[in-house]
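The values are calculated or read from the model by the stated rules, or taken from the named source; none is laboratory data. What you see is a predicted model; the values in this text were computed from it and never measured. Quick reminder, even Gly has a Cβ in these numbers, built from the backbone with ideal geometry, and neighbours come from all protein chains shown.
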Amino acid sequence: MNRGLDDSTMRTAVGALGGFHLLLGLYQFLFPGSFFHRIGEYGEENTHYVGDVAAFTLAFGISLFLAVGRPAWRAPVLVLGAIWYAIHAVNHLFDIGEATSRGIGVFQTLLLFAGAALLAWLGRAADAAPPPSSSGARFVDYERDR
């Protein structure tokens, strides 16, 4: 793979990010009050909206897991995540003062921008990657299944 990432490393990174988002989404979905008070305490508590965010977080995690075995999915899914994280970070910029402390608000905003940068870098690396060899793992072999 160009940019210093071989297919095995990319698969590991995409899978790890998928696992992180799946766990985060499950936490948001199953324990929205806990998530709000421990991580996302901005403004008034609204567990319904935390559940809405969980739906997207879970969908993103599942998409990343699917992209592990589908190299053509990697760049689009990673770029979508980079866009999501960047917009999320900008939203945090507007609401830094609503966090439990200004320091936490700044830290979370910087963390989101770093996540956006990481996802964008991985997306670019995935886009620059040569096509996988025919021995690469795939969920579906479209040529064989015709």
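Determine if the stretch 125-136 includes at least one residue that is under 18 Å from residue 5 (Cβ atoms), surrounded by fewer than 17 Cβ atoms within 10 Å (Cβ to Cβ), of a type in the set (Ser, Thr, Tyr) and out of contact with any Leu (no Cβ under 7 Å at 6 or more places or on another chain).
Yes, some residue in the stretch 125-136 is under 18 Å from residue 5 (Cβ atoms), surrounded by fewer than 17 Cβ atoms within 10 Å (Cβ to Cβ), of a type in the set (Ser, Thr, Tyr) and out of contact with any Leu (no Cβ under 7 Å at 6 or more places or on another chain).
Could you grab the pairs with beta carbons closer than 9 Å, sequence gap of 6+ or different chains, first residue in the stretch 58-72 and under 12 Å from residue 7 (Cα atoms), second one polar (S, T, N, Q) and part of a helix (DSSP H, G or I)?
From residues that are under 12 Å from residue 7 (Cα atoms), the pairs are 68/12.
Suppose the filter is at pLDDT below 95, under 20 Å from residue 121 (Cβ atoms) and of a type outside the set (A, V, I, L, M, F, W, C); does residue 4 pass it? Step through it out loud before you land on a result.
On the way: at pLDDT below 95: yes; under 20 Å from residue 121 (Cβ atoms): yes; of a type outside the set (A, V, I, L, M, F, W, C): yes.
So residue 4 fits the description; yes.
Any residue at all in the stretch 51-69 that is of a type in the set (S, T, N, Q) and at pLDDT 95 or above?
We begin by selecting, within the stretch 51-69, every residue of a type in the set (S, T, N, Q); these are 57, 63.
Filter once more, so that each one left must be at pLDDT 95 or above: 57, 63.
Yes, there is a match, as at least one residue in the stretch 51-69 is of a type in the set (S, T, N, Q) and at pLDDT 95 or above.
Go through the stretch 10-39 and report how many residues are over 16 Å from residue 72 (Cα atoms) and surrounded by fewer than 19 Cβ atoms within 10 Å (Cβ to Cβ).
Counting residues in the stretch 10-39 that are over 16 Å from residue 72 (Cα atoms) and surrounded by fewer than 19 Cβ atoms within 10 Å (Cβ to Cβ) gives 16.
If residue 41 satisfies every condition in (1) in a helix (DSSP H, G or I); (2) in contact (Cβ under 8 Å) with a residue 40 or more places away in the chain; (3) not aromatic (Phe, Trp, Tyr) but one, which is the exception?
Of (1) in a helix (DSSP H, G or I); (2) in contact (Cβ under 8 Å) with a residue 40 or more places away in the chain; (3) not aromatic (Phe, Trp, Tyr), only one is false for residue 41: (1).
Does the stretch 104-114 contain at least one residue that is at pLDDT 95 or above and in contact with a Ser or Thr (Cβ under 8 Å, 6 or more places away or on another chain)?
No, that holds for no residue.
Take the residues in the stretch 76-103 that are of a type in the set (Val, Ile, Thr) and farther than 27 Å from residue 5 by Cα; name whichever of them is modelled with the highest pLDDT. Explain how you work it out, then say what you get.
Within the stretch 76-103, the subset of a type in the set (Val, Ile, Thr) is 77, 79, 83, 87, 90, 96, 100.
Applying the additional criterion that residues be farther than 27 Å from residue 5 by Cα yields 90, 96, 100.
On the way: 90: 96, 96: 86, 100: 76.
Across the stretch 76-103, the extreme among qualifying residues is 90.
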